[in-house]
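These notes concern the structure reproduced below.
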Ligand code: GLC
């Protein structure tokens with residue numbers, strides 16, 4: 001069967017009437033940045049679903065503008081996910097919706113640039129205008145609660161907020177949580193029962209305990225603050241690149257919709273000016289997270305190191321220098337979540353080595369904006385080729401010649417389907 005048709009089948013299979021689950025069983029609710037990517041795919045299939053998907057996501061928005069990373073629609077029907085809605089217990093905050101359970105952390109703010117795509121596709125302007133207000137109040141929340149000093153950059157307080165759950169980037173901050181502090185935690189993991197080879201393809205139990213420790217601490221603070229000694233306070237270049245790109249989209253869109261965008265322009269300028277100061281490693285021509293506790297960059301070459309290309313941050317000359325090593329390493333697929341020479345690399349383990357389609361899509365889009373159509377075409381063709389050969393999986397082995405199986409994690413993974421569909425439908429020249 002043709003790949004585009006397979007992608008459409010996955011989008012249909014995971015559609016639940018108002019929103020799309022990321023993957024059957026493994027992720028049975030609505031996830032934040034997944035929904036953004038999925039909406040893009042639906043523009044090539046059922047455009048109206050793209051709007052409905054966004055509206056369902058924002059039905060979980062809190063009164064103060066916060067947008068959670070999981071919306072537990074129909075929580076009572078599904079028990080195959082841990083930590084569950086009851087574990088998160090969003091009701092500890094008066095800001096949470098009374099009628100819908102959610103998590104208490106967020107995910108990369110893709111919604112601004114997604115909304116601009118929905119607008120360009122000519123969807124209902126009234127619904128877009130209402131969504132604009134919601135996305136804009138989410139950005140307000142980010143700047144009010146998470147901005148670091150007056151940099152225009154925002155901090156993440158949990159590795160899950162990065163969307164790159166067990167990236168080696170987070171090893172140093174997470175190891176600050178001592179084994180003693182983890183003794184009380186009872187694990188009830190469900191994910192490991194849903195995928196093959198879980199011992200080598202998913203985070204370890206010890207990692208998971210640390211993730212839960214952070215959740216427990218944040219819950220104690222009603223998800224709106226942190227104690228002074230909180231171990232995980234990071235400026236992430238991926239989260240902030242996406243924030244800047246979305247802010248830019250909101251400014252363009254806001255002008256058309258007659259909204260106030262001055263405050264967004266101010267934040268965009270501040271964030272753009274601060275970006276290199278915190279994230280750039282000039283010698284390696286790569287971008288790294290800045291650890292606000294250790295006061296240093298976390299220097300591991302990861303796919304996230306390239307995402308500033310999506311936001312148009314590096315100069316054209318720098319982008320070309322950034323790409324050169326990748327071109328020379330033909331045995332490695334672009335862009336591994338951790339470079340094989342990086343400390344902590346594991347070829348099958350989630351965000352510690354495998355290739356993820358959403359990261360490639362972001363880099364591909366960025367390259368198109370730089371008019372690097374040859375480079376963009378290569379990323380696009382390698383990504384489509386990989387999915388065609390191995391299936392619509394969650395993540396893929398980064399080695400072109402590996403013998404031990406290639407697609408891992410959830411099968412029928414929605415954002416892989418959606419973004420490949422988008423790539424197939426767009427010519428790059
Ligand atoms: C995993 C990914 C995260 C994604 C979620 C649902 O946790 O790391 O980025 O949003 O699954 O697909």
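A short reminder: the numbers here are calculations on the coordinates, not readings from a lab. Predicted, not measured: the structure shown is a model, and the values here were computed from it. With ideal geometry, Cβ positions are generated from the backbone for all residues, glycine too; neighbour counts draw on all protein chains shown.
Values for this structure:
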{"quantity": "Extension reserve of the residue 98-residue 150 stretch, reckoned as 0.36 nm per residue once the Cα distance is removed", "calculated": "15.4 nm"}
{"quantity": "Calculated diffusion of region 78-133, Stokes-Einstein form, Kirkwood radius summed over Cα pairs, 4 °C and 1.567 mPa s, µm²/s", "calculated": "93"}
{"quantity": "Spherically averaged projected area of region 1-107 from its Cα convex hull (nm²)", "calculated": "6.8"}
{"quantity": "Inter-probe distance in nm under a simple model that places probes 7 Å from Cα toward Cβ, at residue 283 and residue 126", "calculated": "6.0"}
{"quantity": "Highest-MSF residue in the chain out of 397, 32, 133 [GNM, Cα springs under 10 Å]", "calculated": "133"}
{"quantity": "Whole-number D in µm²/s for the chain (Stokes-Einstein; Kirkwood sum over Cα pairs; 20 °C, 1.002 mPa s)", "calculated": "99"}
{"quantity": "Inter-part distance where region 217-266 and region 347-369 are each reduced to a Cα centre, Å", "calculated": "22"}
{"quantity": "Simple spin-label estimate for residue 3 and residue 179 in nanometres, 7 Å along Cα-Cβ", "calculated": "4.6"}
{"quantity": "Among 169, 88, 351: highest mean-square fluctuation, GNM of the chain, C-alpha pairs under 10 Å", "calculated": "88"}
{"quantity": "Residue exposure sequence - 406, 330 - by fewest surrounding Cβ within 10 Å", "calculated": "330, 406"}
{"quantity": "Theoretical gain in end-to-end length, residue 369 to residue 257 [0.36 nm per residue, Cα-Cα removed]", "calculated": "37.9 nm"}
